[in-house]
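Chemist: Got a structure for you, written out below as structure tokens; questions coming shortly.
The values are calculated or read from the model by the stated rules, or taken from the named source; none is laboratory data. Being a predicted model, the structure only gives us computed values, none of them experimental. Here the Cβ positions follow ideal geometry from the backbone for every residue, glycine too, while neighbour counts run over all protein chains shown. Areas reflect the complete protein model, heavy atoms only, side chains present, ligands, DNA and RNA absent. Shrake-Rupley method; radii C 1.70, N 1.55, O 1.52, S 1.80 Å.
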Amino acid sequence: MKRAKLFLVLGLLIAVILSLSSCIRIPVMLFFVQESNREPGKPIMVNVEPFNFTPTSNYVWKLEKEQEGWVNITSQNLKQKENNTAIVYLPTIPETGQVRITVRANYADGYVEQTRYISYGPKTPVLVEVFEEFGTTFSQPSAWFGSYNFSNSRLPTFVRYREGFLESAVGFDPFAQRLLFGVAPGSKSEIYDWGEVFFQAWTRLPSNTYSSGQMTTILNTEPVASDWKIRVQPTTFIEWRATGWKVSVENIDRSKDDLWLFRARRSDNLATHLVRINNYYTASSDEFEGEAVGTFVDFTFNESSIVGPTKHLWDEDYYFGIIAVERTGATSDFGEQVTIVALKGSTMVLFPDKNW
């Protein structure tokens, strides 16, 4: 009998709590933050939506980084795209850390102010290139890339080259240009006729044996070099969008090694441009040098130098990546000087999207 009374009292108490909670509408802001690009210098989209209140003012944004306390970096690193959406350009110092985003808005009964913490840091890039000869379409790897979990420690620098595809209609198409790198594949004869994936310009996965599971397995096990870093950060802006960039590469010999930039479409990952950017070398010290083990070399460019005055290098529909190719001199068994060409590393700056 006592147990029955206890259950009755508990039931009534729960009913009262549920009734009160349905009457109390606590105003909050919901944060939606891009998962990809969470590396130093790269941009992420942050969106907030009101819940249980209607804003009566514009949103006020504040961005801080953790560096011996919290340092306000709003003016330099946060660009408001819309009233409730901002592009946050993550700091480059420290290379690993967190930022704090605070958003405030007024409503009829007062104001709502909320904070979100976002961690960032360098990850391990793995170059993943898809090659399609003329008349061939090999789209399955793009579907794999579209569902990739960007919270992983390894990230694909992903791009597709299709023979004959040339958006700008000038010069070599990216497919032909890529074959000139000096690393595999070095000719069409090395590519499976119906499409093939190359990982780190080495391991191959032809379309006739393709599976998404194999893509993930190879990505997670492919060897990568550890004596280098590539860092990317914005230098100039038009409203929310970065239009100029600085690429800093550790342990590269700009007189011998090659630094390539590809631009690709978000819709299908097809490369529209593939440009060697060694000529954009800038002799300047930068903030990376204080923490670097090796020496960083800087390359600075504006998007118009790469894609012309009417196109964007990076926006909601396009992204870009950097590929470093190392050329090392050696002596053959016959005493001849030969050049050994190898992939040094890569990185990628994806488009802004809160759902990525």
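Chemist: Among the listed pairs LYS42/LYS62; LYS229/LYS256; LYS42/LYS256; LYS311/LYS344; LYS79/LYS354; LYS79/LYS344, give every one whose C-alpha distance is greater than 25 Å. Don't skip to the answer; put the middle values down first.
Modeler: Details: LYS42/LYS62 18 Å; LYS229/LYS256 17 Å; LYS42/LYS256 27 Å; LYS311/LYS344 29 Å; LYS79/LYS354 15 Å; LYS79/LYS344 33 Å.
Distance filter (> 25 Å) returns LYS42/LYS256; LYS311/LYS344; LYS79/LYS344.
Chemist: Still on this model: Quick one: accessible surface of LYS246, probe radius 1.4 Å, all protein chains present, in square angstrom to the nearest 10.
Modeler: Looks like 30 Å² after rounding.
Chemist: Here is a further query. Anyone know which of ASN220, ASN269, ASN37 comes out most mobile in the 10 Å Cα GNM of the chain?
Modeler: Looking only at ASN220, ASN269, ASN37, the largest GNM fluctuation is found for ASN220.
Chemist: Same structure, new question: Using a 1.4 Å probe on the protein heavy atoms only, what accessible surface does TYR281 show? Give it in Å² to the nearest 10.
Modeler: 80 Å²
Chemist: Quickly work out the SER147-to-ILE93 label distance, labels modelled 7 Å from Cα along the C-beta direction, and quote it in nm with one decimal.
Modeler: 4.3 nm
Chemist: Can you compute the helix-only [θ] at 222 nm over the chain? Use -39500 (n - 2.57) per DSSP H run of at least 4 residues, normalise by all residues, nearest 500 deg cm²/dmol. Display every interim value, and only then the final one.
Modeler: Values: 6 runs with 53 residues, N = 356.
-4000 deg cm²/dmol, from helical runs alone.
Chemist: Right, another one. Write down the radius of gyration of the range 99-173 and its Dmax, each obtained from C-alpha positions, in Å.
Modeler: That works out to 21.2, 63 Å for Rg and Dmax.
Chemist: Could you please put ARG160, ARG276, ARG100 in sequence from largest to smallest accessible area, using a 1.4 Å probe?
Modeler: Numbers: ARG160 10, ARG276 100, ARG100 50 Å².
The ordering from most to least exposed comes out as ARG276, ARG100, ARG160.
Chemist: Mind giving me the FRET efficiency for SER57 and LYS188? R0 is 41 Å, r the Cβ-Cβ distance, nearest 0.05 is fine. Could the numbers behind the result be given before it?
Modeler: Working: r = 60 Å, r/R0 = 1.46.
Taking R0 as 41 Å, the efficiency between SER57 and LYS188 is 0.10.
Chemist: Determine the share of the chain's accessible area contributed by carbon and sulfur atoms, expressed in whole percent, with a 1.4 angstrom probe. Could you put the intermediate results ahead of the total?
Modeler: Details: 8910 of 17070 Å².
About 52 percent, which is the carbon plus sulfur part of the accessible surface.
Chemist: Subtract the Cα-Cα distance of THR328 and SER267 from 0.36 nm times their separation in residues, and report this length gain in nm to one decimal. All intermediate terms of the calculation are to be shown ahead of the outcome.
Modeler: Details: separation 61, 0.36 × 61 = 21.96 nm, distance 3.70 nm.
Result: 18.3 nm gained on full extension.
Chemist: Continuing with this model, one more query. For the chain, what does the accessible surface come to per residue with a 1.4 Å probe? Please give it in Å².
Modeler: On the way: 17070 Å² over 356 residues.
So the chain comes to 48 Å² accessible per residue, rounded to a whole number.
Chemist: Moving on to the next point. Calculate, in nm to one decimal, what ASN279 and THR137 gain on full extension: separation in residues at 0.36 nm each, minus their alpha carbon distance. Walk me through the intermediate numbers first.
Modeler: Numbers: separation 142, 0.36 × 142 = 51.12 nm, distance 3.39 nm.
Contour length minus the Cα-Cα distance gives 47.7 nm.
Chemist: Also: Skipping prolines and chain starts, which residues have an amide H placed within reach, meaning under 5 Å, of the one on LYS344, given they are 5 or more residues away or on another chain?
Modeler: The answer is ALA324, VAL325, GLU326.
Chemist: By per-residue mean of other Cβ atoms within 10 Å, what is the highest-first order of 70-76, 198-204? Let's see the in-between values first.
Modeler: On the way: 70-76: 13.3, 198-204: 19.0.
Highest-to-lowest ranking by the protection proxy: 198-204, 70-76.
Chemist: Separate question: Alpha carbon centre of the range 24-102 versus the range 146-169: separation in Å?
Modeler: Their Cα centres are 27 Å away from one another.
Chemist: Heavy atoms of the protein only, probe of 1.4 Å, neighbouring chains included. What is the accessible area of LYS229 in Å², nearest 10?
Modeler: 60 Å²
Chemist: Oh, and also: Return an integer: the convex hull volume of the alpha-carbon atoms of the chain, in Å³ per residue. Walk me through the numbers on the way to the answer.
Modeler: Details: hull volume 78.4 nm³, N = 356.
Considering the Cα atoms of the chain, their hull volume per residue is 220 Å³.
Chemist: Right, another one. Please find the FRET efficiency linking PHE172 to ASP353, where r is the Cβ-Cβ separation and R0 is fixed at 22 Å, and quote it to the nearest 0.05.
Modeler: Numbers: r = 30 Å, r/R0 = 1.38.
Step by step, r from the Cβ atoms, then E = 0.15.
Chemist: Where the convex hull is taken over the Cα atoms of the range 28-120, what is its projected area averaged over directions, in nm²? Intermediate results must be reported in sequence, preceding the final value.
Modeler: On the way: hull surface 22.6 nm².
Mean orientational projected area (the range 28-120, Cα hull): 5.7 nm².
Chemist: A further question follows. Can you report the principal axis dimensions of the range 175-227 using only the alpha carbons, biggest first, rounded to whole angstrom?
Modeler: 35, 28, 13
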